[in-house]
Structure formats: C-alpha cells, structure tokens
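This report concerns only the one structure given below.
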Amino acid sequence: MNKPKRYNVGKIVNTHGIKGEVKVVRITDFKERFEKGNVLYLIGNTDKEPLPLTIKNHRTHKQFDLLQFESYNSIEDVEPFKECMLTIDENQLQPLDEGTYYYHQIIGCMVYTSKGEALGEIKEILSPGANDVWVVKRPSQKDILLPYIADVVKTIDVNDKKIVIEPMEGLLE
C-alpha cells in the first residue's frame, strides 16, 4: 500500500505554558488548517508512523500559532513534540485559484529563458517579503535567486515541470 504524501503546514518550535500548548511557526497560507477539530499529523524525529493530533484549541500570540491537542493536557505530554513538523495528507489539500501553486508543485521544476536556454531546477522557495524568491540550482554554477514577479516569470507548467522566464538585467550574473 502506498503511503499518502504529506505536506508540512507548521513546525513546533517550543511548548507554551503548562497546559499542553505548543508554539508553532505556520508554513501554510491557510490559517484555517489550525481550526478546532481539524486533524494534523505529527512527524517526529524518530517516529516511523505519523501521529494524528486533533486540534482542541488555537490562538495566536505574537508571530506564533498556539495549538493545544485533544488528550494532551500538560507540558510533559507535549515536550517530545518540540522541533517536530505538523503535516497534512494529500487529500487535505485545498483547491487553489487559477495561477496559484503549492510550493511542492514549483520545487523540482526546470527553469528556461524565453530563448530556450536551460538554467536549472528550482530547489527551494524563500518568502522574505512582498514576493517569493525561487532558488534555482544550476549545474556547477552559483544558484540564481529568481523573484516570483510577472516581469520575470512568464509561464508556469507544473504538469511538465517547466517554467519560462524573461531574465532581468543582472539576474544571471
């Protein structure tokens, strides 16, 4: 039987208080994933099987999401969760609007210039501010930091894993 694909939605960075809350750095645009009653899967450092966790409570504090899970009511219960990832199954993915993509659809795509020159493969996506930056790994050259803006990214074909760009001046140096 195939294991379902899992996608990261948050990382537990610490405990919070003594009643079993954890501090989570959210890595999803869908904050509703953390609503009461939803199920997330904890991927531990040593666990072979993901641990299903049902959200009992959610609130935000500073830049963190604070989550409490059903049946985990003390700091001792959630201490082992530190540094673990919270994931969802593939069947929990939300449909996206046309022209928007999940990171896993973009990572692994080959990037070409509008003249057909192959530049490399997208290995990572950074989200530093107003727009994402795609990190393109080039064979035996420095990585390219590609801004995800309409002036640069011309076509995206996630089915063929192909992206065509119009490089800005200085981008490929």
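Filter the range 121-157 for residues that are assigned to a loop (DSSP other than H, G, I, E, B), modelled with pLDDT of 90 or more and under 22 Å from GLY99 (Cβ atoms) and give the result. Step through it out loud before you land on a result.
Step one: of the range 121-157, the residues assigned to a loop (DSSP other than H, G, I, E, B) are 127-132, 138-143, 148-152.
Right, trim to modelled with pLDDT of 90 or more and you get 138, 141-143, 148-152.
Scanning the range 121-157 gives TYR148, ILE149, ALA150, ASP151, VAL152.
For a quick check of your reading of the model, give me the residue pairs whose first member lies in the range 23-35 and is under 18 Å from TYR103 (Cα atoms), whose second is part of a helix (DSSP H, G or I), with beta-carbon atoms closer than 9 Å and at least 6 apart or on different chains.
ARG26/ARG33; ARG26/PHE34; ILE27/TYR103; THR28/PHE34; ARG33/GLN92
If you take the residues of the range 158-173 that are of a type in the set (A, V, I, L, M, F, W, C) and under 20 Å from the mean Cα position of the chain (by Cα), which of them is modelled with the lowest pLDDT?
VAL158
Are there any pairs with C-beta distances below 7 angstrom linking a residue in the range 53-81 that is among the aromatic types (Phe, Trp, Tyr) to a residue that is exposed (fewer than 15 other Cβ atoms within 10 Å of the Cβ), with the two at least 6 apart or on different chains, and if so which?
PHE64/VAL25; PHE69/THR54
Taking the range 1-41, which residues are assigned to a loop (DSSP other than H, G, I, E, B), within 13 Å of the chain's Cα centre (by Cα) and not polar (S, T, N, Q)?
The answer is ILE27, ASP29, PHE30.
For every residue, the table says whether it meets (1) in contact with a Leu (Cβ under 9 Å, 6 or more places away or on another chain); (2) among the polar types (S, T, N, Q).
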residue: ILE125; (1), (2): no, no
residue: VAL135; (1), (2): yes, no
residue: SER140; (1), (2): no, yes
residue: LEU146; (1), (2): yes, no
residue: ILE149; (1), (2): no, no
residue: VAL153; (1), (2): yes, no
residue: ASP160; (1), (2): no, no
residue: PRO167; (1), (2): yes, no
residue: GLY170; (1), (2): no, no
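Those residues that are among the basic types (Lys, Arg), farther than 16 Å from THR15 by Cβ and either surrounded by 14 or more Cβ atoms within 10 Å (Cβ to Cβ) or not assigned by TED's automatic domain parsing to the domain that holds LYS11 (or both), I need them from the range 32-86; list them, please.
Once the filter is applied, which keeps residues that are among the basic types (Lys, Arg), farther than 16 Å from THR15 by Cβ and either surrounded by 14 or more Cβ atoms within 10 Å (Cβ to Cβ) or not assigned by TED's automatic domain parsing to the domain that holds LYS11 (or both), the range 32-86 yields only ARG33.
Quick one: is TYR148 in contact (Cβ under 8 Å) with a residue 60 or more places away in the chain, of a type in the set (Ser, Thr, Tyr) and within 25 Å of GLY10 (Cα to Cα)? Before the answer, list the steps.
Values: in contact (Cβ under 8 Å) with a residue 60 or more places away in the chain: no; of a type in the set (Ser, Thr, Tyr): yes; within 25 Å of GLY10 (Cα to Cα): yes.
Answer is no for this residue.
For the range 105-119, check the following and say yes or no: at least one residue is closer than 20 Å to THR15 by Cα and within 19 Å of the chain's Cα centre (by Cα).
No, that holds for no residue.
Taking the condition of being on the phi < 0 side of the Ramachandran plot, surrounded by 11 or more Cβ atoms within 10 Å (Cβ to Cβ) and either out of contact with any Ser or Thr (no Cβ under 9 Å at 6 or more places or on another chain) or not β-branched (Val, Ile, Thr) (or both), how many residues in the range 87-116 meet it? Step through it out loud before you land on a result.
From the range 87-116, those on the phi < 0 side of the Ramachandran plot are 87-98, 100-107, 109-115; that's our starting set.
Checking the rest, the ones that are also surrounded by 11 or more Cβ atoms within 10 Å (Cβ to Cβ) come to 87-89, 92-94, 96, 101-107, 109-114.
Restricting the remaining residues to those that are either out of contact with any Ser or Thr (no Cβ under 9 Å at 6 or more places or on another chain) or not β-branched (Val, Ile, Thr) (or both) gives 87, 89, 92-94, 96, 101-107, 109-114.
So the answer is 19.
The values are calculated or read from the model by the stated rules, or taken from the named source; none is laboratory data. Note that this is a predicted model, so its numbers are computed, not measured. Note: ideal-geometry Cβ built from the backbone for every residue, glycine included; neighbour counts use all protein chains shown.
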